[in-house]
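Trainee: Structure in C-alpha cells, see below.
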Amino acid sequence: MTRRLPRRRILVLGSCTASFTGCSVFPNPPKSQIYRLSPTVSDERHQRILRRRLVVNIPTASESLDTDRIALLHARTKLDYYADSLWTDRVPILIQALLVEAFQNDGRIAQVGPDAQTLTPEYALETTVRRFEADYGDATDHAPTVVVALDLVLVKMPDHRIVGRTLATERSLAPRNSVEGVVEAFDVVVGKLLLQCVAWVVSIVSRTT
C-alpha cells in the first residue's frame, strides 16, 4: 500500500518594490513559481525493527546543484535552469528531509533523524548529489528525461568506519515538455530512489548489527 505525501503546492512570490513617498520607483520583478516535491512512498510497516539509531546528514552537492533552482541539461554538457521556477528549498535540504521521512515511514530502523546533536547515532548516512536535472539530450523540442543520482556512504559510529557505499540512480521520461511535467517526473524518480536508498541502508545495518 502506498500513500502520497501532500501534493506539491505552487506558490507565487510576492513582488518586492521600493517606495518613496508612497510611490514605487522600481518595476516589479518577475514572479517565480515554487514547486514542492511530493513523491509516492510506501506506508507498509515492517514487523522486524532494528533497534539502531541513524542520522541522515545534509547531502553535499556541486555549486550548480546546491540551489533551489530547477536544473536542466542540454547536449550533455550545458547546464541551465528553468526560468522563474524554484524548489521550496535547496536540493540537498530537500533530499535530506525526504530521506528522513522515508526511513521513518518505513519503520525498520527504530530511530532516524537529521541532527546528531539530538540523536546520538550508531550509523550516519553521507550522501552526495551527483545528478538532479532534466536531461534534454541534443534537442529541446521534446519532453526531457529526469535523472537523479545519489552517492551513498554508510558510516558506523563512533569510529567513523565505512560499512557500505553505493551509487543509486533512477530516471523517468517527463509526461510533458513543461516545468509541471518535469516536476511530475521528479516525483516518480525521487519516490523510486527513496525506496532504493532505504532498502540498501537497512540491508547493511542488518548485516552489521
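Trainee: Residue-wise, which Karplus ³J(HN,Hα) couplings in Hz belong to region 89-106, taking 6.51 cos²θ - 1.76 cosθ + 1.60, θ = phi - 60°, and x for glycine or proline?
Mentor: Whole-Hz 3J(HN,Hα) from phi for region 89-106: 7, 4, 3, x, 5, 4, 5, 4, 4, 5, 5, 4, 5, 5, 5, 5, 5, 5.
Trainee: Counting only C-alpha contacts under 8 Å and six or more residues apart, can you give the relative contact order of region 152-209 as a whole percent?
Mentor: Numbers: 47 pairs, mean separation 16.3, N = 58.
Normalised by residue count, the contact order of region 152-209 is 28 percent.
Trainee: Please compute the volume of the convex hull spanned by the alpha-carbon atoms of region 73-209 and report it per residue in Å³. Don't skip to the answer; put the middle values down first.
Mentor: Numbers: hull volume 16.1 nm³, N = 137.
That works out to 117 Å³ per residue.
Trainee: Same structure, new question: May I ask you to list the residues of region 119-145 whose amide nitrogen lies under 16 Å from a point 7 Å from Cα along the Cα→beta-carbon direction of Met157?
Mentor: Answer for this model: 119-127.
Trainee: Karplus couplings for region 135-144 from phi (6.51 cos²θ - 1.76 cosθ + 1.60, θ = phi - 60°), rounded to Hz, Gly and Pro as x?
Mentor: Per residue, the Karplus-derived 3J(HN,Hα) values read 9, 8, x, 9, 9, 10, 9, 9, 5, x Hz.
Trainee: For region 61-154, divide the Cα radius of gyration by the Kirkwood radius and give the resulting Rg/Rh value with two decimals.
Mentor: Values: Rg = 16.0 Å, Rh = 15.1 Å.
Value, to two decimals: 1.06.
Trainee: Another question, then. Return the long-range amide H neighbours of Thr88 (sequence gap of 5 or more, or a different chain), with a cut-off of under 5 Å between placed amide H atoms.
Mentor: Under 5 Å from the amide H of Thr88 lie the amide H atoms of Tyr35, Leu37, each far enough along the sequence or on another chain.
Trainee: Check Thr60: other-chain or 5+ apart residues with amide H under 5 Å from its amide H, H built from backbone geometry?
Mentor: Hits under the 5 Å cutoff: Thr127, Thr128, Val129.
Throughout, read-outs are computed from the coordinates displayed, never taken from laboratory work. Nothing here was measured: the structure is a model prediction, and the numbers come from that model. Every residue, glycine among them, receives a Cβ derived from its backbone with ideal geometry; neighbour counts consider all protein chains shown.
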